[in-house]
Structures are given as structure tokens and as C-alpha cells.
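Read the structure below first, then the notes.
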Amino acid sequence: MTAVDLEFDQLNSTADALRRSISNRMMYGVGKDAVTARPQDWLHAAALAVRDRLVARWMKTTRQQYEQDVKRVYYLSMEFLIGRTFTNALLALGIYEQMNEALASLGVDMGALTELEPDAALGNGGLGRLAACFLDSMATLAIPGFGYGIRYEYGMFRQQIVDGEQVETPDYWLRAGNPWEFPRPEVQYVVHFGGRTIQRDGHVEWIETEHVNAMAYDTVIPGYGTSATNTLRLWSARATEELDLSAFNQGDYRRAVEAKEHSENVSRLLYPDDSTPAGRELRLRQEYFFVSATMQDLIRRYHRTHSTFGRFAEKVAIHLNDTHPVLAIPELMRLLVDVHHVPWDRAWQMVQQVFSYTNHTLMPEALETWDVDLLTRLLPRHLEIIFDINADFLKQASEQVGHDIEVIRRVSLIDEYGQRRVRMAHLAIVASQKVNGVSKLHSQLMEREFFSDFARLFPDRFTNVTNGITPRRWLAQASQPLSSLIDARIGTHWRTDLLELTKLRELKDDPAFAAEFHAAKRRNKIRLAQRLLHDMGCTVHPDALFDLQVKRIHEYKRQLLNVLHVIVRYNRIRANPEDDWVPRVVVFAGKAASAYKLAKTIIRLIGDVGEKVNHDPLVGDRLKVVFVPNYGVSLAELMIPAADLSEQISMAGTEASGTGNMKLALNGALTIGTMDGANIEICEAVGRENMFIFGLMAEEVVELRASGYRPRRIYEENEALRLALDQIRGGYFSNGNPHRFSDIFHTLVDWGDHYMVLADFAAYAQAQEAVDARFRDSRAWTASAIENVAGMGRFSSDRTIAEYANEIWRVKPLDVQ
Ligand SMILES: *Cc1c(COP(=O)(O)O)cnc(C)c1O
């Protein structure tokens, strides 16, 4: 076929043009008309009209990437917590108002429509959301970047609270179709599992494998205020044979489709946690599945413009978002050595030039390892490659450290204690040219404590890149009242240069600005209050202090510290109801991993405490406790702008960075927090006097543990705390049922209180007093809130991505013409 010039309709962005586009898309895309269209159909048609406007930019960006022969970044992540796309795309294209007008002229309310869009919840929490913010920033900075992951059919489970308990239901987010993705049935790769290896003609062959196809689905990622767009490519599993024909011919229909079902399971669902043994093999299959397809895909793309591997390292950067994609390392080695016949040493050199790795946690139980026996069965060739890498590495290491057997044991890629296991973080460090932590503290702990042996072996490898968040979603989109106020005062440029926000500092003593700022916050609080009333029948007063702890439920994040303080406050209010109490609404939201029993009990406790407190006539509006179910990106966008106070109270040394802390401060919430993760840097940026810092520092936690921490003694000595704990144990919040919360009591008092909740309690309660005092002085509070917004410029993910691009990936922005 000869190339012809296709003729397109020129898609301009007036309301009138959009209206025609929507009508066209309704007719020719959805196959309905205005009479039969349901709201869902309008959303679909409108989304297609928006997508049409992105596609031209997308084609152009791709073409320019090839023409400029750019270096590309491949961002590999098991999770992308994207949320909704519709409003985000409208803002990126600058057609929000026009679309609103177009839909209104068709008799459709855009606000209601946007609420129908399901969240793309292909992630658990912070790590997945970070990946989504990075996609946004890479596109906005015109960095030629590709996200690669898995197209889970079922994303993060939906959380309902039934009789006080978390109940998980599947999230079939694709039910109504996904207008944002393009299926690419022509882009498929075979992914192998099992089998064995043989030597043939001086090369290793991996034979007798089972296989599954990985099929690509592409999503356009628009940059903000630029025509640059990027691609998120997600892999879906397809059986290599649709049917077992022999079984089918024998009339056994069920068996004929069974194998297909089985192999397609690999992209069925997002793991809500990876700690359950039953799911581990499937989880490993998922990890290998997506990195194998990705490595094959990026080699193919490289070979479209290069005939040898000579410039591979100049043109490719591969980033590992935590250890989940680390099998990309042995997979790339396998493809280079076994398939493309590159000599081992040359291949290893290339691998070490292209990979980089971000560590996201130092908690030992969260560091990923894989059983050698499982790998032998599932990925025998990769295990051989890992052993060979390890042999070379340990040889080199022992030359460097002078045969110190203890060091060698510690750094080995294989954990030899008990069942042999492969340490994925070690493999990532050994193969990467750069390894980074996600906040200054975290990177320091990584270098000085947890991976200090590696830091000595590879002194130039470790670095820090503090996390960030995209201001487009987390301020411009989430808080229309605040962002239009900021626009009116300092212009609109902050969306792509967040440091512009420092200009707000000069306005903090301007009474008119302060009043408008307060009013914007109040509007966001009313919006949340209305939702709480509508969804949960829960009445809260918008002038109360809105105190939010919204994040996954985990012991280290210490929702329990918050609940204990709530109970103590409740008891004090009951004792002295006539005192001058600052009215508070304490809001929690977050999911507990389905296998994490204690986290689920914490949810139950929050609910039970809320039941008691909220129905106590003696308390009234002085205190409300609300657990909002099904926390996710869209709920975060609604809740975060309404916060006065941001709870960031993890035990110091456990929260690698946090990004919720950044979203809340950017929206003018004051932080009550420990010196942990990025809180430390937020404190530097906004001023300690504008935060409520309390509790043990990371090194004090270590010292206290070493010197013998005795939580029971704190329980015995702090009367108010003891009463609260006794109430929890005694059934005061559980209708006299003493068993419901006994694990919580014992965890804190008798079983070591691993996260030092009791050790930090008194300091926390005192910091909460300071919160009340500041809130009473509304002007001082608002001034601090403004200081928070003004200081958050450096926490834009644009800054984060610029650092990755310059210091780790060494890629340049595309020259967008
Ligand atoms: C930002 C975000 C997180 C991370 O919150 P942390 O407080 O940093 O743990 C988790 N889930 C969602 C939906 C988010 O938007």
C-alpha cells in the first residue's frame, strides 16, 4: 500500500466545535443519539471528543521522538494510581470552560458527568500515585518517557464498611469500557514460564516452557500547556491459543477454555498486598510478565532506528519503581546474551548503564525476596543469570573488602539463612547506575544504615531525589476556589512553575487576601460536609477544625496514636463540657490490606469510637469522628482541599517520604507531624513555626529501642492514656465486648509497641494543644496556612522529574516544534 495523505477534520476547541464533536462521537463512536443516550453515554462521547484532540499531538510527539532520535526513559511500575482522566485532560488542553459550555448547550451537567467516571485505581497507595504524578510531569516537561505496567482487569478493591468492618468488593473498572485506551492487538510478545535450559552451539536455550502473550494497551498522557504527550503502555495477558482444540473436538468445552482462563489470570487483578503466600506465585508471574514484554518492546523500538546495540545505553534509560520490576535486569541480560548473542561482559556493561532504581521502604518485612525453589520452577534461566551476576559481584566485592566473609554474606544477592532467597533490592543496587531514596532522611538512612555495605562498594551510586506531586491535579483540579484565588493574585504560571507560590508570602498579612483564602477553604469544607451528609448521613459544621488522616491503614502510620488522642479528648470533654473547646471533626480514610488483621481492627475501632462520640449529647459539635469509606484518588481530591490539619504522624524512620503530606500542605493545611520522611523538608520549606512537630527523632527511636523500651510503664504512668486504653480493652466502645480490641491493647501495652505509639503519646497530645490554641486565633492560623502554600513550590513533581532527568536518566526534553 502506498502512503497517502489522510484528511482529517480540523478539531478546534471552541464550545461550538466541541459540541459538534460530542454529537458526532455519540453517533459514530457510541452508536446512540440524544434520545437514547444515558449519562454514561454522554461521558463516553465527551471523553472521545477530548481524546480526538489529544491524538494529533500524540502522533506528532511520537514522530518527533523518532526524528530527533531521542533518549527515552522507560518507567517500570507495578502500580499506576491514576484516578479519573476526563477533567485532567480538559485542563491540560485548556478546554475546561469550553467543554462545560458545550455540554450545557446539550442539556448535560458536566459536574454530574465527571462523577460517573470510574477511577483507574491500578495501585495501592503512595507508590502508585507517585508513578501517576511522574507521568504527568514527564509529559509536561516534554521528557520522552513511557510508563510501563499491567492492565489489571480488577484494580484496587472497593472498600465498604458493613457493621463496622471493612468489606472488600472487586473493582471492575472496565465495565463501561475505557475511552482513554487504544488496544494494540498488533503489539504482542510471548512471555515464557517454567521449562528448563540447555546448551546449544555455545548458547543457552530456554525450552519446554509454557507461554502467554502480552498485548499492549496504550493510554495518551497529555502534558500541561504543551503539545508534548507521552504513552502509558499497559500489558494484558492473552492466551497463546484461544482454545484447546483437541479438548473442544472431544466435546469438553469447559476444559477447552480452562487453559486460556488460567494463562490470562496473570493480568486479572492488582495485589492488595503481597504478603499472602497463596498469591505469591501469581504475583511473581505478574512481575515477570510485564517486564519481559517491556524489555522485548523497548529492544524492538531501539532496533527500529539502530542496527547494532552500540548506542543502546545512549538511547535507553530504564527506571525501576521499587523492586517489583527488578526481574527486568536478568530478563534484559537473557535477551541480550541468549537471543541477540551479545557477549556476557558487554551485556552486563550495558545493563549497568541503563538501569536505575528507587527504593521506597527500608522496613525489613517490606523488602522483597523470592524463594530460590520457586524461581527454579518458574524462571530457571533467570535464576542462573542471577547466580552468575552474584558470582561476579561477590568476586569483585571480596577483592574490594579484603575477603571479609561477613560483608560478603550481607551483600550477597542470595540470602543463605534458612530457605535460600533472592534479595531483589540487592540485585537492583548491583545492576543500577544510580539508586535513590525518596526524601533526604530516607536516602541518608539507606546509605548510612541499611545499605551501607553497598554504599562503600559503590560510593557514587547512591543519591536522593525527594518525591513530589503534580500541582495540576492536586491544586488546580482539586481546589477550584483556592486555585482561582491564587490566579487572581499572582497569575496562572504556578501550574508549571510551582516556585511562583512564594509570591503569596507577601500577601499573608493582606487582610483582604487572608479573608478570601479563609473563604476558599471554607467552600472546600462545605463541599466535603455536603458529601459526608449525603453519603453517610453525617452532619459536621464547616467552622469546626477539620483534622484529616487519609492514607492506607498501617501500624507504622499510627492511626492508633490519633484514635488514642481522640478518646482522651472525648473523656476530657465529658468531664468538662463547659470548657472552651475548639470544635473538631476528626476524619479518617484509608484501606487496610485484605490480609492485615490488625489494620482492619483499627478501622473497626475508629468506627466504634465514632459511634460513641458522635451520639453523645454531652459532646455535641465539640467532637466528631468520621471514617470515610473507599479512599482513592477521587476521594482524596475532594477531601484534601477541605483539611485544616494534616496528620503525618508515622514513627520517625518508617515513612520513606509520604506524598499525602505534600498534597495537604499545598492545600493550606497545617501539619501535625513527626520528623519523618519528607515532613522534615516540608518543615524547612514552610517554617517550623507553621507546623506542629512532635515526638522522637529517627535516631532517638533507635536509641530507645536499644536501651529497652517499656510501653507498659508509660501505660501505668500516664493516667489519661491508661483510661483510654482500658476503655478500649474493656469494651467501652464495643458494647461491652472485651475481645474485639484486645489485640490492639496488647500490641501497644504488652507486645512491645513496635511503632512506639505510647512513647510519642504525651508529646502528640501536647502538640494537639498547640493546634487548638493556634486555631482559636483565626488570623494566625490563616497566616500559617498561607505560609504553607507559599512554601510548597519545591514539592512539585516537575522538580522531582527534572532531577531524575538531569542526574539519573540523563535525558533531555524533546524539542517540541
Ligand atoms: C497521595 C495518596 C496516597 C499516599 O498518601 P500518604 O499519606 O503519603 O501515605 C495514598 N493514596 C492516595 C489515593 C493518594 O492520593
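Given the -39500 (n - 2.57) contribution per DSSP H run of 4+ residues, what per-residue ellipticity at 222 nm results for the chain, rounded to the nearest 500 deg cm²/dmol?
After summing the helix terms and dividing by the residues of the chain, the value is -14000 deg cm²/dmol.
Over the stretch 691-764, what is the relative contact order in whole percent, taking alpha-carbon pairs under 8 Å and six or more residues apart?
Relative contact order for the stretch 691-764 comes out at 37 percent.
Could you tell me the calculated FRET efficiency between ASP772 and GLN396, based on Cβ-Cβ distance and R0 = 60 angstrom, to the nearest 0.05?
The formula returns an efficiency of 0.55 here.
Lysines near LYS812 by alpha-carbon distance under 24 Å, same-chain residues fewer than 8 away left out - which ones?
LYS812 reaches LYS60, LYS71, LYS315, LYS434.
Step through the residues of the stretch 492-509 one at a time and calculate ³J(HN,Hα) from phi using the Karplus curve (6.51 cos²θ - 1.76 cosθ + 1.60, θ = phi - 60°), rounding each to whole Hz and writing x for Gly and Pro.
9, 5, 4, 4, 10, 9, 5, 5, 3, 4, 4, 4, 5, 4, 5, 9, 5, 9
Taking the simple approach of a point 7 Å from Cα along Cα-to-Cβ for both HIS739 and THR308, what is their distance in nm?
Result: 7.3 nm between the two label points.
What shape does the chain take by its C-alpha gyration tensor, where a ≥ b ≥ c are the square roots of the eigenvalues and a/c under 1.5 counts as rounded, a/b above b/c as prolate, and the rest as oblate?
The shape class here is oblate.
Between ALA366 and PHE8, what is the spin-label point distance in nm, taking each point 7 Å from the Cα along the Cα→C-beta axis?
4.3
What list of ³J(HN,Hα) couplings, whole Hz, do you get for the stretch 227-238 from phi and the Karplus terms 6.51, -1.76, 1.60, once you set θ to phi - 60° and write x for glycine and proline?
Karplus values, whole Hz, x for Gly and Pro: 8, 5, 9, 10, 10, 9, 10, 10, 9, 10, 7, 10.
Applying 1/(1 + (r/R0)^6) with R0 = 41 Å to the Cβ-Cβ distance of GLU115 and HIS541, what FRET efficiency is obtained, to the nearest 0.05?
Plugging the Cβ-Cβ distance into 1/(1 + (r/R0)^6) gives 0.95.
What whole-number distance in Å separates the alpha-carbon centres of the stretch 405-429 and the stretch 575-636?
After rounding, the separation between the Cα centres reads 43 Å.
Placing +1 on the Cβ of each Lys and Arg and -1 on the Cβ of each Asp and Glu in the chain, which of LEU335, PRO380, TYR570 has its Cα farthest towards the positive end of the resulting dipole?
Value computed over the given set: LEU335.
For the stretch 428-444, take each phi angle, set θ = phi - 60°, evaluate the Karplus expression 6.51 cos²θ - 1.76 cosθ + 1.60, and give the result in whole Hz per residue in order, putting x for glycine and proline.
Couplings: 4, 5, 5, 8, 9, 7, 9, 10, 10, x, 10, 7, 4, 4, 4, 5, 5 Hz.
Is there a quick way to get the dipole size of the stretch 578-691? I mean about its Cα centre, with the Cβ of Lys and Arg at +1 and of Asp and Glu at -1; what is the value in debye to the nearest 20?
So the dipole magnitude of the stretch 578-691 works out to roughly 580 debye.
If you take the charge dipole of the stretch 512-640 about its Cα centre, with +1 on Lys and Arg Cβ and -1 on Asp and Glu Cβ, which of VAL609, THR539, PRO583 is farthest toward its positive end?
VAL609
Among the listed pairs LYS260/LYS597; LYS440/LYS557; LYS525/LYS663, give every one whose C-alpha distance is greater than 24 Å.
Beyond 24 Å: LYS260/LYS597.
Relative contact order for the chain: what percent, with Cα pairs under 8 Å and sequence separation of 6 or more?
13
State whether the stretch 535-638 is rounded, prolate or oblate according to the following rule on the C-alpha gyration tensor (a ≥ b ≥ c being the square roots of its eigenvalues): a/c under 1.5 gives rounded; otherwise a/b larger than b/c gives prolate, and the remaining case gives oblate.
prolate
With a/c under 1.5 counting as rounded, go ahead and sort the stretch 753-817 into rounded, prolate or oblate using the C-alpha gyration tensor (a ≥ b ≥ c being the square roots of the eigenvalues; past the cut-off, prolate if a/b is larger than b/c, else oblate).
oblate
Hey, fewest Cβ within 10 Å first, where do ASP52, ASP5, ASP676, ASP33 land in order?
Fewest-to-most Cβ neighbours within 10 Å comes out as ASP5, ASP33, ASP52, ASP676.
Non-local amide H neighbours of LEU545 (under 5 Å, H modeled in plane, Pro and chain starts lacking H): which ones?
Hits under the 5 Å cutoff: ARG584, VAL585.
Please arrange ASP453, ASP16 by how many other C-beta atoms lie within 10 Å of their C-beta, fewest to most.
Going from least to most buried by this count: ASP16, ASP453.
Might you report the magnitude of the Cβ-based charge dipole of the chain about its Cα centre, with Lys and Arg at +1 and Asp and Glu at -1, to the nearest 20 debye?
The calculated dipole for the chain is roughly 780 debye.
Using amide H atoms built 1.01 Å from N in the peptide plane, name the residues 5+ places from LYS434, or on other chains, whose amide H lies under 5 Å from its own.
TYR357
I'd like to know which of LEU457, LEU748, ALA802 lies farthest towards the positive end of the charge dipole of the chain, counting +1 on Cβ of Lys and Arg and -1 on Cβ of Asp and Glu.
The residue sitting farthest along the positive end of the dipole is ALA802.
Give me the number: length gained by fully extending GLU703 to ARG196, i.e. 0.36 nm times residue separation minus the C-alpha to C-alpha distance, one decimal in nm.
177.5 nm
Under 16 Å from the Cα of LYS600, which aspartates and glutamates turn up, not counting those fewer than eight places away in the same chain?
Answer for LYS600, where 16 Å is the Cα cut-off: ASP163, GLU165, GLU168, ASP273, GLU555, ASP608, ASP743, listed by chain and number.
Report the relative contact order of the stretch 222-345, percent, no decimals, based on alpha-carbon pairs under 8 angstrom and at least 6 residues apart.
Relative contact order here is 18 percent.
Charges at C-beta only: +1 for Lys and Arg, -1 for Asp and Glu. How large is the resulting dipole of the stretch 555-614 about its Cα centre, in Debye rounded to 20?
Computed charge dipole of the stretch 555-614: roughly 360 debye.
The numbers here are math on the coordinates, done by the rules we state, and not lab data. Given the structure is predicted, the values throughout are model-derived calculations rather than measurements. Because the Cβ atoms are built from the backbone with ideal geometry, glycine has one as well, and the counts that use them run over all protein chains shown.
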